[in-house]
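The values are calculated or read from the model by the stated rules, or taken from the named source; none is laboratory data. No experiment lies behind these values; they were computed from the predicted model shown. Glycine also receives a Cβ, built like all others from the backbone with ideal geometry; neighbour counts cover every protein chain displayed. Note: areas computed on protein heavy atoms with side chains; ligands, DNA, RNA excluded. Shrake-Rupley method; radii C 1.70, N 1.55, O 1.52, S 1.80 Å.
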Amino acid sequence: MNLSRVALAAGTAAASVVLLSSTAFAHVGVQPQGQAAQGGYATVNVKVPNERDNASTVKLEVNFPLDHPLASVMPQPVPGWKAEVTKTKLDKPLTLHGKQINEAVSKVTWTADGSKIGPGQFQQFPLSLGQLPEDADQLVLKAIQTYDNNEVVRWIEEQKGSEEPQYPAPVLKLSPAGEDHHGGAASTAPSASASASADAKAGHGSEGGHATTETASASSTDTMARVLGVVGILVGLAGIAFGVLAGRRRSA
């Protein structure tokens, strides 16, 4: 096989990877900003790409599971879009902060109000969610996308095996609960100890910065001394060997 054939095969493989990657990721998805911990609160983005070359997205509907109901779902205002929150009465009331909740959010609908998601574009719709369930490791948020040519795409298929379905439903992965998972800040912001540790590593604190510098300097000096000691020993051994060899030659 000559070089031109190798280059052609490599180019074809690379193009296939790009094509498959764009196809795999061109669907409605949901991603948390920071952590989405069990039993806590989280801010997430629903990402909506436009998959059509001749139509624009004008409506999005996201459905929430009622087997793991959420008492609070608040959309952040998005310019050019109108958000509507739909609640459903629960068969079994929730207890949240000592209060009974008889209904939960079942759906959030965004409708274009002066804006659209055009071809080759995407839009993010932020949501504040809570309290997240403590007995689930993910939430499946089935979505329905509507285009201005009246085409409707239903992102509602749940993945059963290793192969991704054609229209997968957005899935929010939940991380294990932390020590303080009931506070919204705990699920989205780094802890004070983590910040302090980061500041110390960056040398922002005067005393911490000097201590880090002195420790690094001492370590460097100690390492250099050890290296020089080893070099000295090797040089000495080489001298002894040379002397012995020279003595043997003179005796001969």
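Okay, residues lined up against (1) of a type in the set (S, T, N, Q); (2) touching a helix residue (DSSP H, G or I) at 6+ places or on another chain (Cβ under 8 Å); (3) within 19 Å of P170 (Cβ to Cβ):
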site	(1), (2), (3)
D67	no, no, yes
L70	no, no, yes
M74	no, no, yes
K82	no, no, no
T88	yes, no, no
Q100	yes, no, no
S106	yes, no, yes
T109	yes, no, yes
task: Using the structure shown, decide if P69 is open to solvent by less than 100 Å² (accessible area, probe 1.4 Å), modelled with pLDDT under 95 and part of a loop (DSSP other than H, G, I, E, B).
output: yes
- prompt: Out of curiosity, is G208 at pLDDT below 50 and either part of a loop (DSSP other than H, G, I, E, B) or over 17 Å from the mean Cα position of the chain (by Cα) (or both)?
  reply: yes
- line: Residues of region 44-55 being open to solvent by 40 Å² or more (accessible area, probe 1.4 Å) and within 19 Å of the chain's Cα centre (by Cα), in sequence order, are K47
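Among the residues of region 121-129, is there at least one that is surrounded by fewer than 18 Cβ atoms within 10 Å (Cβ to Cβ) and modelled with pLDDT under 95?
Going through region 121-129, the residues surrounded by fewer than 18 Cβ atoms within 10 Å (Cβ to Cβ) turn out to be 121-122, 124, 126, 128.
Going one step further and asking which of them are modelled with pLDDT under 95, we end up with none.
So far as region 121-129 goes, no, none of its residues is surrounded by fewer than 18 Cβ atoms within 10 Å (Cβ to Cβ) and modelled with pLDDT under 95.
Show me the strands (runs of 3 or more DSSP E) found entirely inside region 82-149 where at least 2 residues are more than 20 Å from H68 (Cβ to Cβ), in contact (Cβ under 8 Å) with a residue 24 or more places away in the chain and not hydrophobic (A, V, I, L, M, F, W, C). Lay out the reasoning, then the answer.
Values: elements: 99-112, 122-130, 138-140, 142-147.
Fully inside region 82-149 and qualifying: 99-112, 122-130, 142-147.
Could you list, in sequence order, the residues of region 104-120 that are open to solvent by 50 Å² or more (accessible area, probe 1.4 Å) and closer than 17 Å to T57 by Cβ? Show your work before the answer.
Kept after step one, since they are open to solvent by 50 Å² or more (accessible area, probe 1.4 Å), are these residues of region 104-120: 107, 111, 113-114, 116, 119-120.
T111, D113, G114, K116, P119, G120 - these are the residues of region 104-120 that are open to solvent by 50 Å² or more (accessible area, probe 1.4 Å) and closer than 17 Å to T57 by Cβ.
Report whether or not Q76 is over 22 Å from I101 (Cα atoms), open to solvent by 60 Å² or more (accessible area, probe 1.4 Å) and at pLDDT 95 or above.
Numbers: over 22 Å from I101 (Cα atoms): yes; open to solvent by 60 Å² or more (accessible area, probe 1.4 Å): yes; at pLDDT 95 or above: yes.
Taking the combined requirement at face value, the residue satisfies it.
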